[in-house]
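Below: the structure, in structure tokens.
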Amino acid sequence: MATFQTDLPDFTAPKKSTGMASIYIETYGCQMNVYDSQAINGLLKRKGYEIVDHDLEADVVLLNTCSIRDLAEHKIASRVGDLRHRRTQTNLPQPLIGICGCMAERMGTDLHKGKRKIDLVVGVDNYDTLPGLIEELLAKQHMTGRRTTADKKARTVVGHRTDAHYVAPPALYPINNSHLVTIHKGCDYKCTYCIVPLTRGPQSEKSPEAIIAEITNIVASGGQEVTLLGQNVTAYNWQQGMDFAALVEEVAGIEGLQRIRFLTGHPKDMHPHLMDTIGRLDKVCPWLHVPVQSGSDRVLRRMKRLYNCAEYLEMIDYARRVIPDVTFSTDFIVGFPGESESDFQDTLEMARKVKYDQAFSFKYSERPGVPAEKLADDVPDEEKKRRLAALIAVQDEVWHDLATESVGAVWSGVIEGRARHQEQESAEGAWRLRTANNRKVILTGGDYEIGQPLEAEITGFKNTTFMGTVRNSIGN
Ligand code: 5AD
Ligand code: SF4
């Protein structure tokens, strides 16, 4: 099993013939892509490339892409056009443009077709080839004055390699005070709507030793919190001998590590013994992202989600019994092929019953090559839109009630950074506290440090964010 450490300087790296090229990386989609971009960043820096913050400064622009819905892919096509157009307008030389991530994997050499003018295409398991490919293309450009001469196949590296796992450098982190740690890649479930098994390939675990070493390194670099990441982390099962509960137990044993989060859990894998472990270990945060997708058994069956509504609700009940202060979030898809009005009403009912803190809701989007492509996409777009709006409205009501009950409560949490502009009630100087169960509280006034533990009294809320005042500072 190969793990590619991306943070160590490589003293044997050959000098580039083209001088210090600069690279800009733009990330779309899920947290896995955020982690992968960090790994790419590490791989390129290690070879001497400079990573820059603006596309106009870059010799090479890499777009790390998502294929989950057609809209995500359309965004990339227009972004490429936009990048090229900005160079023409500003009279700057065109950059090399590379497509990485799920779109690269799904479309391969097809990305070179049409007017897109893509220079390189590198899929999710082949980022270790990026430095060499870029070097080669830059050298060609240097010699010929033209952007690209190599043939399209040579500029396209895709295909799954179960042996390749990346380790992103902790120095590039954290994101909101949490260090992402990918623990496996791919997915062996075959939910009928989902492109992930095609783009990310079969499930393949990073070894427990590599995971522990990565987190130990993060803690040694000053990190306090990790988010264990995977398409389906609860299916982790290293060599059929170490399941996710056992891995979490090991990770919790790392001295100096304070909090563990994880994303995403599959409801089918939320076994009682895993929930017991989460409830027992103080370091494991009581927040479960357990996408239900639909509240109708008929639709769940057609989606091949491998649980029914009663089993799902039983899992939620059990979690509430054994995990103190647990909160839940979910994903929903509306307008799946064959979803009737009554199926949709069952989905609304599910949202009301579970009372999620957060729901990420999407209109069904047909993806090429997935099993549901064979089903007629028979809910008209207008109807999908109406259902989406109705579901969001129900979730807003649920949240409003939950949030109203919370005003006056005192919660402990950790400062994760400055408040983002849109979260601030009163302009300057606000901070964002995150509770273990993943609630955000904006604090105005005072000066805090990232990672500082605090207690806050909840004074109000706006959308999914709470406002609070600091009660006291609790010891580290
Ligand atoms: N159409 C709409 N939403 C989808 N998701 C996955 N595939 C599709 C699709 N084809 C949603 C699911 C998943 C989330 C990451 O994206 O809700 O949990
Ligand atoms: Fe897609 Fe289902 Fe795998 Fe999640 S569990 S990545 S929805 S196939």
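Before moving on, here are some points about what is shown:
- Out-of-range pairs (alpha-carbon distance over 20 Å; input 283/440; 113/384; 185/268; 153/190; 117/153; 190/268): 113/384; 153/190
- Relative to the Cα centre, the charge distribution of the range 256-344, modelled as +1 at Lys and Arg Cβ and -1 at Asp and Glu Cβ, gives a dipole magnitude of about 300 debye.
- Alpha-carbon centroids, the range 299-336 and the range 64-137: separation in whole Å: 37 Å
- Ascending count of other beta-carbon atoms within 10 Å, so fewest first, for 128, 119: 128, 119
- When the chain is described by a simple charge dipole with +1 on each Lys and Arg Cβ and -1 on each Asp and Glu Cβ, the residue from 354, 336, 60 located farthest towards its positive end is 60.
- Subtracting the Cα-Cα distance of residue 56 and residue 298 from their residue separation scaled by 0.36 nm leaves 82.1 nm.
- Inter-probe distance in nm under a simple model that places probes 7 Å from Cα toward Cβ, at residue 250 and residue 154: 4.3 nm
- Amide H contacts under 5 Å for residue 363, placed H, 5+ residues apart: 334
- One chain, two ends: residue 404 and residue 360. Fully extended at 0.36 nm per residue, the span grows by 13.7 nm beyond their Cα-Cα distance.
- Peptides ranked, highest mean first, by Cβ atoms within 10 Å: ranges 177-188, 50-61: 177-188, 50-61
- MRE, 222 nm, helices only [DSSP H, n ≥ 4, -39500 (n - 2.57), over the chain, to nearest 500]: -10000 deg cm²/dmol
- Unit charges on C-beta of K, R, D, E only; dipole of the range 319-476, Debye: 400 debye
- For the chain, the residue among 76, 472, 33 whose Cα projects farthest onto the positive side of the dipole built from Cβ charges is 76.
- Charge-dipole axis of the range 206-270 as Lys and Arg at +1 and Asp and Glu at -1 on Cβ define it, positive-most pick from 266, 220, 246: 266
- The range 305-386 - charge dipole about Cα centre, Lys and Arg +1 at Cβ, Asp and Glu -1, debye rounded to 20: 300 debye
- Modelled FRET efficiency - R0 45 Å, residue 242 with residue 91, Cβ distances, 0.05 increments: 0.20
- A protection proxy built from the mean count of other Cβ atoms within 10 Å ranks the segments 206-218, 386-398, most packed first, as 206-218, 386-398.
- Extended-chain gain in nm, criterion 0.36 nm per residue less alpha-carbon gap, residue 345 and residue 82: 90.6 nm
Read-outs throughout are calculated quantities, based only on the coordinates presented, and are distinct from any laboratory measurement. Since we're looking at a predicted model, the values are computed, not measured. Note that we place each Cβ from the backbone using ideal geometry, even for glycine, and neighbour counts take in every protein chain shown.
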